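A.B. asks: First the structure, then my questions, so here it is.
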Amino acid sequence: MSTSFHPTVRTLLGPGPSDVHPRVLEAMSRPTIGHLDPTFIALMDDIKGLLQYAFQTQNALTMPVSAPGSAGMEACFVNLVEPGDQVVVCINGVFGMRMKENVERCGGIPLVVEDTWGSAISPEALEQTLAANPQAEIVALVQAETSTGAESDTATLVEIAHQHDCLTIVDAVTALAGTPVKVDAWGIDAIYAGTQKCLSCTPGLAPVSFNEAALDKVRKRKSKVQSWFLDLNLVMGYWGEGAKRAYHHTAPINALYALHEALLMLQEEGLENAWARHSANHRALKAGLEALGLNFVVAEEHRLPQLNAVTIPTGVDDARVRSRLLQEYNLEIGAGLGDLTGKVWRIGLMGYASRAENILFCVAALEAILTSEGADVTPGVALAEVQQALAKQP
Ligand SMILES: Cc1ncc(COP(=O)(O)O)c(C=O)c1O
């Protein structure tokens, strides 16, 4: 007979999900109420306001889609891309490739700006592609490419897109709350994120935000949005302004309690402080990883603080080390994806997981395992580097 499932407690230092804060888990276990209960509607309004803060926007249409980050991606594409639309897709890793797939499935025509994995998206290449394709209507890009740990300059890329009269779709799944994302200041037209990374919330929700220019394109569509569930016109009957809310789908009530708590915690910490914490902890982890002989995939100026991709030393078995970390230390780190499979480890320091104790733990565990796997590691040096870096933190 089956029994209740009690997962082992792990430390999640992979590319996501990251550790969920106990306050968020506690919030999730509160009593379920109805999705049209007036007190729940008030909570929804509060979530919208807190998401506006997280995204740094005044956009009225700012809300969580009731499904994971991929659904946020789809919500942007299915609403904004009509058959025949030309969409410039910037690809420098796995998630840019998924954007291209989305454009194709919407009947759009993808125009690809391709950069090598591990690089940031090149503003010059985007400029050239847009100059050569004056019919393009949308530019899509991933700010924080989780498959490589590279961050692209969203502000500059959006500015270029606007100079060519294009709307922009930005993936901020890994970026949000870990590194600056400024929707209004940068003029981003449509953006989606996820809850399971730097928000320290459970997986399964996708905060999105659309500005008036994006909504104007949705309103002027010639064809129906092909997804009933993600059609913004319909979803807004439930998530829109005012007291009159109509049933669209049964909201994931308890997941929204969790998101509310996670966003409250972000507000309490302050966005700038959260960004600074991710950066400072990244520097401490970097000191330790480099002392272990692990080299970063991404050039320093484009490195994400919340996702550290490092190359696996020659002769060391990727899967064996990750499996030993999990079995012996209950520590999860990420494998390489796509072109980087078997070549890199991805170590996340996201949200609640971005803490000094986790850096010390991860570097100590890696040092022990790499040493026993025969790698050339001088005992104690890496931890001393981490301690020195942590001592410099404010
Ligand atoms: C950059 C990026 N975009 C989209 C997604 C998809 O999010 P989800 O797995 O929540 O559907 C991820 C997930 O890791 C991601 O890192």
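The values are calculated or read from the model by the stated rules, or taken from the named source; none is laboratory data. All values derive from a computational prediction rather than experimental measurement. Using ideal geometry, Cβ is built from the backbone for each residue, glycine included, and neighbour counts are taken over all protein chains shown. Areas reflect the complete protein model, heavy atoms only, side chains present, ligands, DNA and RNA absent. Shrake-Rupley method; radii C 1.70, N 1.55, O 1.52, S 1.80 Å.
A.B. asks: How high is the relative contact order of region 139-236, in percent, with contacts defined as C-alpha pairs under 8 Å that are six or more residues apart?
C.D. replies: 20 percent
A.B. asks: Follow-up. If the limit is 28 Å between Cα atoms, which of LYS48/LYS286; LYS197/LYS244; LYS182/LYS343; LYS48/LYS220; LYS197/LYS222 go over it? It would help to have the intermediate numbers written out before the result.
C.D. replies: Values: LYS48/LYS286 35 Å; LYS197/LYS244 33 Å; LYS182/LYS343 33 Å; LYS48/LYS220 25 Å; LYS197/LYS222 36 Å.
Over 28 Å apart, Cα to Cα: LYS48/LYS286; LYS197/LYS244; LYS182/LYS343; LYS197/LYS222.
A.B. asks: Using R₀ = 51 Å, calculate the FRET efficiency as 1/(1 + (r/R₀)^6) where r is the Cβ-Cβ separation of ASP45 and SER372; round to 0.05.
C.D. replies: FRET efficiency, ASP45 to SER372: 0.40.
A.B. asks: Return a whole-number percent for the relative contact order of region 1-122, with Cα pairs under 8 Å and 6 or more residues apart as the contact set.
C.D. replies: In percent, rounded to a whole number, it is 16.
A.B. asks: Please report the antiparallel percentage of DSSP beta bridges with both residues in region 107-212, rounded to the nearest 5.
C.D. replies: Antiparallel bridges: around 40 percent, rounded to the nearest 5.
A.B. asks: So if I place +1 on the C-beta of Lys and Arg and -1 on the C-beta of Asp and Glu, and nothing else carries charge, what would the dipole magnitude of the chain be about its Cα centre? I want it in debye, nearest 20.
C.D. replies: Computed charge dipole of the chain: roughly 880 debye.
A.B. asks: Using only protein heavy atoms and a 1.4 Å probe, report how much of TRP228 is accessible, in Å² to the nearest 10.
C.D. replies: The accessible area comes out at roughly 150 Å².
A.B. asks: Next question, about the same structure. Please list, by residue number, every one of the chymotrypsin sites (Phe, Trp or Tyr not before Pro) in region 1-81 that is coil in DSSP and has at most 10 other beta-carbon atoms within 10 Å.
C.D. replies: Counting only loop positions with at most 10 other Cβ atoms within 10 Å, the chymotrypsin sites (Phe, Trp or Tyr not before Pro) in region 1-81 are PHE5.
A.B. asks: Viscosity 1.306 mPa s, temperature 10 °C: give me the Stokes-Einstein translational D for region 12-165 in µm²/s, with Rh taken as the Kirkwood radius over C-alpha pairs.
C.D. replies: Numbers: Rh = 17.8 Å.
Result for D is 89 µm²/s.
A.B. asks: How much length, in nm to one decimal, is gained on full extension between GLN267 and SER2, taken as 0.36 nm per residue of separation minus their Cα-Cα distance?
C.D. replies: Here the answer is 91.3 nm.
A.B. asks: What percent does the relative contact order of region 141-195 come to when contacts are Cα pairs within less than 8 Å and at least six residues apart?
C.D. replies: 37 percent
A.B. asks: Between LEU61 and residues 5 or more places away or on another chain, which pairs have amide H atoms under 5 Å apart, with H built 1.01 Å from N, and which residues are they?
C.D. replies: Counting only residues 5 or more places away or on other chains, the set is PHE210.
A.B. asks: Now, a different point. Find how much the distance from GLN388 to ASN133 grows on full extension, using 0.36 nm per residue of separation minus their present alpha carbon separation; answer in nm with one decimal. Show your work: numbers first, answer last.
C.D. replies: Details: separation 255, 0.36 × 255 = 91.80 nm, distance 5.13 nm.
Length difference between fully extended and current span is 86.7 nm.
A.B. asks: Let me ask something else. Within the P(r) computed for the chain, what percentage of the Cα pairs occupies the region above 37 Å?
C.D. replies: Cα-Cα pairs in the chain separated by more than 37 Å: 23 percent.
A.B. asks: Separate question: Rounded to the nearest 5, what is the percent of antiparallel bridges among the DSSP beta bridges in the chain?
C.D. replies: 50 percent
A.B. asks: Hey, another quick one. Would you please give the residues with an amide H less than 5 Å from that of VAL89, counting only those at least 5 places away or on a separate chain, with H modeled from the backbone geometry?
C.D. replies: Distant-sequence amide H within range of VAL89: LEU111, VAL112, VAL113, ALA140.
A.B. asks: Three principal axis extents, largest first, for the C-alpha atoms of region 229-315, in Å?
C.D. replies: Taking max minus min along each principal axis of the Cα atoms, region 229-315 gives 59, 32, 24 Å.
A.B. asks: Roll a 1.4 angstrom probe over the protein heavy atoms and tell me the percent of accessible area of region 108-236 that is carbon or sulfur. Mind showing how you got there, number by number?
C.D. replies: Numbers: 2380 of 4570 Å².
Carbon and sulfur together cover 52 percent of it.
A.B. asks: If you don't mind, there's one more thing I want to ask. With every protein chain present, what is the per residue accessible area of the chain (1.4 Å probe, Å²)?
C.D. replies: It amounts to 41 Å² per residue over the chain.
A.B. asks: Show that you can apply the helix-only estimate: for the chain, add -39,500 (n - 2.57) for every DSSP H stretch of four or more residues, divide by all residues, and state [θ] at 222 nm to the nearest 500.
C.D. replies: -13000 deg cm²/dmol
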